[in-house]
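What follows is calculated from the coordinates using simple rules that are stated; it is not laboratory data. From a predicted model like this one, the values you see are computed outputs, not experimental measurements. Cβ sites come from the backbone with ideal geometry, for glycine too, and all protein chains shown count toward neighbours.
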Amino acid sequence: MAFRSHYLFESHFCQTGIEGAHEKGGVEHGIGYTRRQLLVPVPSVASFEELNQLLYLRCLKEDARTVARQTQTIGSAWEQERAEFLPLPPSDYECCDMTTVRLTPYSQVTYQTNRYSVPVGRAHRDVTVKAYPFQVEVWKGMEKLCSHPRCYGREQDIFDPLHYLNLLARKPGAFDYAKPLKQWKAGWPPSYHRMLAILREKWPEGRGVSEFIRILMFHEHYDTRLVEQAIEQALASGYVHLDGVQYCLHQLMEQATKPAPQHQPLDLSDRPDLAAIGNQPVDLSRYEQLLKLSW
């Protein structure tokens, strides 16, 4: 009824069971034809997204076909019929299971026994869960708080570690024991562990961990590979702190957006003594000594 009310059409149902089989022969024939033309042999794809795109392209090819005893193609008949249709609503129908739930003390929502994390800083007591076939979204009014891949297991915790970084920055002592971070930490590149170890040695008693957590927050706004490159560059340059990683991030972003130079590079083949100027290594030890005075 909700679907029908959204698109403003009337519905008619045939009888149930064997008595109604003869009432929908055309539908059964259309399903059989579609299966044979689009799904035989069974498509080999890596994801449902790829499958949907493949089926969409195959359906478009049907526009050029002419049905038996018809004088025009399917595509031509569709264009003629579409002129008689009502306009579509401004928004699509929410093809999902929607329910209102209460947040747990661990900033999670429970749907079909599985628990999905919600950003701690944006959490509310009561939120709306929209469960689609492949993802679960959490909303507060018109604001989407987060989304997760849908889990079809039972009693599972589906965490996004970024949802808890703000809380851990205030409680760095819980960093090593936080369940949302354990799986993420197992997949970190070596540069992350190196930076964390250096920061802990430089700033013990929690300050180094807090600094590293703020570095991890860059994942909320930048691509994962870009953050990894910035951390590796900061380690190589000796910028082992938040500002150093941020500086490297800005440099990488500028390099990615900088247009390619249109001029030819300067030819210094006749002056090899000038080739090294501007490329010599920079000694930052003096600046590090100044920084240590403020530690």
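The table for this structure:
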quantity: For the stretch 35-108, the fraction of alpha-carbon pairs in successive 5 Å shells from zero, as %; calculated: 3, 10, 11, 13, 15, 15, 12, 7, 5, 4, 3, 2, 1, 0
quantity: Rg to Rh quotient for the stretch 25-67, alpha carbon positions, Kirkwood Rh; calculated: 1.01
quantity: The stretch 40-154: translational diffusion in µm²/s, Stokes-Einstein, Kirkwood Rh over Cα pairs, 25 °C, 0.890 mPa s; calculated: 136 µm²/s
quantity: Total charge dipole magnitude, the stretch 97-158, about the Cα centre, Cβ charges on Lys, Arg, Asp, Glu only, Debye to nearest 20; calculated: 80 debye
quantity: 5 angstrom amide H check on CYS146, placed H, neighbours 5+ away; calculated: VAL138
quantity: By average C-beta atoms within 10 angstrom, highest first, the peptides 237-250, 62-75; calculated: 237-250, 62-75
quantity: DSSP beta bridge pairing in the chain, given as percent antiparallel to the nearest 5; calculated: 90 percent
quantity: Lys pairs under 15 Å by Cα in the chain, provided they are eight or more residues apart or on distinct chains; calculated: 4
quantity: Value in Å of the Kirkwood radius, where the chain supplies the Cα pairs that are averaged; calculated: 25.8 Å
quantity: Cα-centre dipole for the stretch 1-103 with unit charges at Cβ (Lys and Arg positive, Asp and Glu negative), debye to 20; calculated: 300 debye
quantity: Cα-centred dipole magnitude for the chain, charges only on beta-carbon of K, R (+1) and D, E (-1), debye, nearest 20; calculated: 860 debye
quantity: Given charges at Cβ of Lys, Arg, Asp, Glu: the chain dipole, positive-most of GLY238, LEU199, LEU268; calculated: LEU199
quantity: Relative contact order %, the chain, counting alpha carbon pairs below 8 Å whose residues are six or more apart; calculated: 8 percent
